[in-house]
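Taken together, the values in this text are just the output of simple stated rules run on the coordinates, not laboratory data. Just so it is clear, the structure is predicted and the values come from calculations on it, not from any experiment. Cβ coordinates were reconstructed from backbone atoms using ideal geometry, including for glycine residues, and neighbour counts include every protein chain displayed.
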Amino acid sequence: MFVRTATAADRLEVRRILDAALLEPGDVERRIDDGDVLVAGDRRGGTEPAGESDGSERVLGTAVLEPLESEPGAHVGAIGVRRRHRGRGIGSALIDRALEREKRLTARFDDDVRPFYERLGFSIEPIDDHRHRGVAVAAGFV
C-alpha cells in the first residue's frame, strides 16, 4: 500500500471517491494544488519503488485536510475509501500519514464512524445527539 500527497493527475479519482461517499469537502482542486489532499492505494504490479509510478497505481482512498488558522495542525474535511476496499486499513493509513505530517488533527463526524476515530486514538466529545468532534495529537507533540 502507498500513501502520498495527491497530484493534479489524481483529481478525477479523488472526486470519484468523495462523490461515491456523498462527501462535499469544498474546493478539492484547490486543496490538491495546495498539497492538502492525501491519496492511498496499491500498485497493481507491486514492483515499483516507493514514490515512483508507471501508471499502475490504484487510488483507493483519499483524505482532504484543511489547515487550521488559529491552532497547529489540520482538520480532516473528508476521508473516503472505495466501498469494496473498506476494512483493509486504507483509512487508518491516511489518518496515520496526516497525523505524522500535521502533528495534530481535528475531525467532526457522525455516530456511524465514531468507532473508526476511536480506534485511531482520537479524543472524542459530543457536539449533539448524533455528531461528535475529535482531536488526535502525534506522540511527543505538545
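Worth a mention:
- Shape category assigned to region 3-142 from the gyration tensor of Cα positions, a/c cut at 1.5: prolate
- Working from Cα pairs under 8 Å separated by at least six residues, relative contact order for region 71-142 is 32 percent.
- Helix 90-102 and the longest principal axis of the Cα set of the chain meet at an angle near 70°.
- Among Asp33, Asp42, Asp112, the largest mean-square fluctuation in a Gaussian network model of the chain (Cα springs under 10 Å) belongs to Asp112.
- Relative contact order computed over the chain (Cα-Cα under 8 Å; 6+ residues apart), in percent: 20 percent
- A Cβ-based charge dipole, computed about the Cα centre of the chain with Lys and Arg at +1 and Asp and Glu at -1, lands at about 540 debye.
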